[in-house]
């Protein structure tokens with residue numbers, strides 16, 4: 001006898017036991033009616049039932065009542081009715097069907113089991129359970145030999161810690177790994193939502209690899225989106241690769257990068273490769289870029305640190321530095337490595353700068369060592385202050401007062417009260433200078449008593465006279481928009497006005 005669906009020769013189904021056997025060639029030709037303690041054997045499978053019709057000529061049978069199919073010592077299938085074809089090795093079980101394969105149990109009302117392919121499938125709803133998970137779906141397929149299962153239509157995987165919902169899912173009952181092949185939602189203890197349409201989730205270790213712009217959303221307001229995400233729920237640790245976006249809706253900040261990670265256990269985060277931190281907690285958004293950005297948090301306060309090629313932009317203030325550190329504990333921004341700040345037409349620089357903030361606005365700037373404050377007066381002239389340290393006071397985004405302590409030097413250009421024309425160049429030296437500004441212009445300068453100074457007319461001034469020795473102006477490096485933050489300039493590229501050997505005169509504007 002040859003199986004029409006296979007090149008292999010079909011084997012015979014043998015009746016090994018039955019309490020009664022009856023024949024009726026008139027009413028039921030070629031049918032043996034069996035009752036009581038029935039056992040069939042086909043290859044390595046045994047089939048038991050209470051009653052049966054045996055179609056010996058067709059190599060098939062129908063079994064009823066307490067049906068049990070045993071294959072080897074690991075696979076057991078139970079049901080109320082069994083239709084079995086020995087030629088195709090297809091077993092169709094109906095009503096109260098249960099398949100047990102080691103620690104995996106499949107329950108359904110209608111199950112077809114292809115013994116030749118060692119594949120079982122249901123199509124009217126079923127459930128597969130193992131020690132970790134319970135999976136329900138309308139359609140399902142299970143391979144006892146490989147432990148692979150495929151589920152379609154209203155798929156739901158229940159675990160003690162989470163619930164997974166999908167339209168299609170692949171799952172291995174031995175490895176406990178769920179392969180995500182369609183739109184999938186995982187809800188973890190009512191606190192974490194995972195959305196993905198491709199990837200895998202290890203339900204034993206609770207680690208996952210999520211692809212195709214998947215999302216991980218925490219109840220505390222944190223969201224992670226990336227082309228690829230590695231996520232460890234037990235460790236509360238996530239990594240994002242390519243076009244990563246980490247958003248904190250509570251702190252109202254977003255971290256971007258080509259690589260990012262965040263640990264909810266340690267409260268530490270990192271972004272690198274096009275890293276960008278955007279703080280949108282106030283109306284005026286602050287954007288900070290660096291080669292690498294670190295975020296951390298203690299019980300209350302947030303800390304942000306950036307290293308190398310630091311640049312930041314906000315409408316009222318811009319800056320650059322080699323590194324930056326900010327803590328919400330004291331609301332102070334610390335800038336290291338030849339930092340420069342710009343506010344309107346003012347440029348502040350030094351070896352170290354501290355920017356003090358209040359209500360998300362800078363209200364004081366403290367500059368140490370090589371401190372320089374410059375105000376662009378017009379196309380040629382710059383008001384300049386330098387000293388050991390500078391303290392600049394800001395109100396509503398405008399510079400109001402500047403104090404210079406130690407070796408204070410100034411160059412500034414007073415204007416005529418009537419027509420606001422420049423009347424000359426004032427150059428001073430003292431131990432302390434206080435400069436007051438009004439409407440973005442110098443209103444008053446106060447010097448210590450032991451001071452020296454000169455007032456020179458503009459006509460006839462040489463270029464070597466109108467700049468302090470440590471003057472530099474790098475407006476071209478100033479970020480004018482967020483996109484400019486990713487521009488990199490060498491540290492040595494600082495514009496200093498050239499002075500020729502002839503000391504050519506500067507023509508007043």
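Laboratory data are not the source of any read-out in this text; all were calculated from the coordinates shown. The structure displayed is predicted, hence computed values, not measured ones. Because the Cβ atoms are built from the backbone with ideal geometry, glycine has one as well, and the counts that use them run over all protein chains shown.
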Query raised in the report: Convex hull over the Cα atoms of the range 136-223, averaged projected area in nm²?
Result: 5.5
Report summary line: Note to self: C-alpha centroids of the range 204-220 and the range 31-53 sit apart, in Å, by 50
Query raised in the report: Applying 1/(1 + (r/R0)^6) with R0 = 60 Å to the Cβ-Cβ distance of residue 15 and residue 284, what FRET efficiency is obtained, to the nearest 0.05?
Result: 0.10
Query raised in the report: Looking at the range 1-124, what % of its DSSP beta bridges pair antiparallel, to the nearest 5?
Result: 100
Requested in this report: Would you kindly state how much longer the chain becomes between residue 124 and residue 484 on full extension, computed as 0.36 nm times their sequence separation minus their alpha carbon distance, in nm to one decimal?
Outcome: 123.7 nm
Report summary line: Taking only the alpha-carbon positions of the range 323-463 as identical scatterers, the Debye log10 I(q)/I(0) at q = 0.15, 0.16, 0.19, 0.21 Å⁻¹ comes out as -0.75, -0.84, -1.13, -1.32
Query raised in the report: Rounded to whole Å and sorted largest first, what semi-axes of the equivalent ellipsoid does the C-alpha gyration tensor of the range 1-124 yield via the square root of 5 times each eigenvalue?
Result: 23, 18, 13
Report summary line: Mean 1/r over distinct Cα pairs of the range 273-319, inverted to a Kirkwood Rh in Å, yields 11.4
Report summary line: The whole-number value in µm²/s of the Stokes-Einstein translational diffusion coefficient for the range 191-308, with Rh from the Kirkwood sum over alpha carbon pairs at 25 °C and 0.890 mPa s, is 171
Query raised in the report: In whole angstrom, how far apart do the alpha carbon centroids of the range 63-102 and the range 175-193 sit?
Result: 32
Query raised in the report: Taking the Cα centre of each part, how many Å lie between the range 309-329 and the range 433-457?
Result: 30
Report summary line: Relative contact order in percent for the range 1-124 (Cα pairs under 8 Å, 6+ apart) equals 16
Query raised in the report: In what sequence do 31, 402 fall when counting other Cβ within 10 Å, fewest first?
Result: 31, 402
Requested in this report: Output the direction-averaged projected area (hull surface divided by four) of the convex hull of the alpha-carbon atoms of the range 308-367, in nm².
Outcome: 3.7
Report task. Give the relative contact order (percent, whole number) for the chain; include only Cα pairs under 8 Å separated by 6+ residues. Result -> 4
Report summary line: Over all directions, the chain yields a Cα convex hull whose mean projected area in nm² is 35.3
**Report entry** Peptide ranges 467-477, 287-297 listed from the most packed, as the mean C-beta count within 10 angstrom indicates
**Finding:** 287-297, 467-477
Query raised in the report: Regarding the range 55-153, what are the three Cα extents along the principal axes, ordered largest first, in Å?
Result: 44, 25, 22
